[in-house]
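Each remark here refers to the structure printed beneath this line.
The values are calculated or read from the model by the stated rules, or taken from the named source; none is laboratory data. Since the structure is predicted, the reported quantities are computational estimates derived from the model, not experimental observations. With ideal geometry, Cβ positions are generated from the backbone for all residues, glycine too; neighbour counts draw on all protein chains shown. Quick note on the areas: whole protein, heavy atoms, side chains included, nothing else; ligands and nucleic acids left out. Shrake-Rupley method; radii C 1.70, N 1.55, O 1.52, S 1.80 Å.
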Amino acid sequence: MPGNQVEHSERVYSGIVLSALTFEDLHIWNADDAALAIARSLDCNTLIATLMRMRGIEDHAQAREFLRPGLLDIGKAFSLGEGVPSGEDFLRHVGPDTRVVVYGDYDVDGVTSTALGVELCLSLGASVRYFIPDRHRQGYGLHEDMVRAIAQTGCDFLLVVDCGTKSREAKEAARELGIPVFVFDHHLPDEGGEEGDHWGYLVNPHVSGGNLAARRLSAAGVLWVWILQNNLASPSWLGERLDLVALSTIADCMELGVPNRTLVHEGLQVLGRSLRPGMQVLKESLGLNERFITEEDVSMRIAPCINAAGRLDLAELAVKVLLSEEGYPEWVDRLVSLNRQRQNVSAKIYGEILPALQEGQRVFLNSSWPAGVLSGVASRACSRFYCPVVLAAPVGEGIRGTVRFPRGGNAVEFLREKAPSLTAWGGHPYAAGFSTPRDVWGSLAEEMEQDLRGFIPEQEKIHVCASPPVVFSPSLWNQIARLGPFGKGNPYPLLFCEQDLRIPRRNFGAGGKHLAFIHGDVEIIAWNGTSFFEHYGFPSGVVYRPRLNLWRGRSQVQLILEYAVYEKLMA
């Protein structure tokens, strides 16, 4: 047995199912002359230089920028576009004693941007309330009836976040009621963009012609950058709220170019410092290290808890935790409990659709499904089978559904073509939602099924860096960590080793369901590997990833098996 064998925490990885690939599915990178030059110039490991080459970095100047992003002048990286309302426009309406209502959305981005909007208006002396529609009763977006209800309770100014770009009727109602409206959004507009003749102000880079960096912002990111560029808060105030931007950017799977990476990196440091008592209690409840929070902790642990509030209860619970309102420990307990409930329900739904998915069905509806959990199940199905998926459930008098597309598709354009049959729709290219009358669903579902069965996704190879398993020194791990944070547009480094796994190995976990393959002084961990290899046999190569494992107060780099690579797959 190797001397560095350690106990393995299963809190994140024990549910992962391994995937099988062939060598034709891989693009294998080796160190080239450019990588060697970068390594010499920056005095970094050749592996790190090759990983940067995989990200399209050509020379040491680009590599330096990639490795050393900082908050200095970060505002200059984002152009929100032409005609964006100014801070003066905002301050004309918001000040001491102004009655402000912040209207948000029920996912992580909506909840965090709601919290940021509340804190901004409080800092300006306003009297602030917030409202997030019930996913099940009202659904996504700024609704006319909600605007009228808010007006009846007293409102001088409506701040709308993570929705509102397409809410024409609601904004016209605000005009009629004399309530100014400020919208901060990042969702795609209708074809032709926002007409611009509606009451209020709109900050949306997709409408105003913002640059690529701005169009990759979450809604919370749009609001944060706008506050920065309009000098509405001090640098320290803004820095302390980058945790909200990091949460929203990771949870909404926004592209992690250098500007977004900078915001997320700094935001993770804020999360680690736990400036919000509610987040500190949530981290403790999830067993997370107090100071060391990763993007993986956010995407797999924190964000699902925040999302669970809007999926199975009211998203306002999550806002209470973020704002550390009175009684927040109880709200944290509720979030954790709701997330466990979501996991159980999602697993049940996934099991129900799995046989039909394997037979090629793409559109599903079940009257017993809670609509709030369907987006997560659809994402899992889309990722697992690399195909478009529609899941729907009856809500009130209509049907509400979610659409997921793999690379090569566009969920928004797909729904745009179905617009005559929809009462509401919107979202992002890979993920969108819709509502439709019940009497329309039959024909709509048939049309969707026909279209989706004919969809051919882009076949993209998995990019891996050739590297034998090694003991990752603290120095090497720190160099890899500098390539992060990782996510969409900046994937976690995947390493490849062409080696038969019929080597020394050991079983661990309940019933020996996990495997550890022993390579000299290191191990590659295969979560749930025992049953996988009983089915597929042992491969000719492996794709694995390093990760820092924190377990019982100790930290060590683990190598985690992601894919088993075969010459060919059995039929």
Item to check | Meets criteria (open to solvent by 60 Å² or more (accessible area, probe 1.4 Å) and assigned to a strand (DSSP E or B)) for residue 531 | outcome: no
Checklist outcome for this item: Residue count, the range 325-338, condition modelled with pLDDT under 95 and among the small types (Gly, Ala, Ser), comes to 1
Checklist entry - in a loop (DSSP other than H, G, I, E, B) and modelled with pLDDT under 95, is that true of residue 83? => result yes
Item to check | Members of the range 318-365 that are in contact with a strand residue (DSSP E or B) (Cβ under 8 Å, 6 or more places away or on another chain) and not hydrophobic (A, V, I, L, M, F, W, C) | outcome: 362
Checklist entry - Given the residues 479, 556, which is the only one that is within 18 Å of residue 294 (Cβ to Cβ), outside any strand (DSSP E or B) and open to solvent by 30 Å² or more (accessible area, probe 1.4 Å)? => result 479
Checklist outcome for this item: The condition from (1) without any contact (Cβ under 8 Å) to a residue 60 or more places away in the chain; (2) out of contact with any Phe, Trp or Tyr (no Cβ under 9 Å at 6 or more places or on another chain); (3) open to solvent by 30 Å² or more (accessible area, probe 1.4 Å) that residue 299 misses is numbered (1)
Checklist entry - Looking at the range 44-61, is at least one residue within 30 Å of residue 236 (Cα to Cα) and crowded, with 17+ Cβ neighbours inside 10 Å? => result no
Checklist entry - strands (runs of 3 or more DSSP E) wholly in the range 138-249 with at least 2 residues that are aromatic (Phe, Trp, Tyr) - which ones? => result 181-184
Next on the checklist: For the range 355-394, which positions are open to solvent by 50 Å² or more (accessible area, probe 1.4 Å) and among the hydrophobic types (A, V, I, L, M, F, W, C)?
Outcome noted: 365, 385
Checklist entry - Just to be sure, is residue 378 modelled with pLDDT of 90 or more and out of contact with any helix residue (DSSP H, G or I) (no Cβ under 6 Å at 6 or more places or on another chain)? => result yes
Item to check | Selection from the range 458-469 of residues that are part of a loop (DSSP other than H, G, I, E, B) and open to solvent by less than 50 Å² (accessible area, probe 1.4 Å) | outcome: 467, 469
Checklist entry - Just one of the numbered conditions (1) part of a strand (DSSP E or B); (2) modelled with pLDDT of 85 or more; (3) out of contact with any Phe, Trp or Tyr (no Cβ under 9 Å at 6 or more places or on another chain) is not true of residue 518; which one? => result (2)
Checklist entry - Can you find even one residue in the range 98-119 that is buried (at least 21 other Cβ atoms within 10 Å of the Cβ), touching a Cys at 6+ places or on another chain (Cβ under 9 Å) and in a loop (DSSP other than H, G, I, E, B)? => result yes
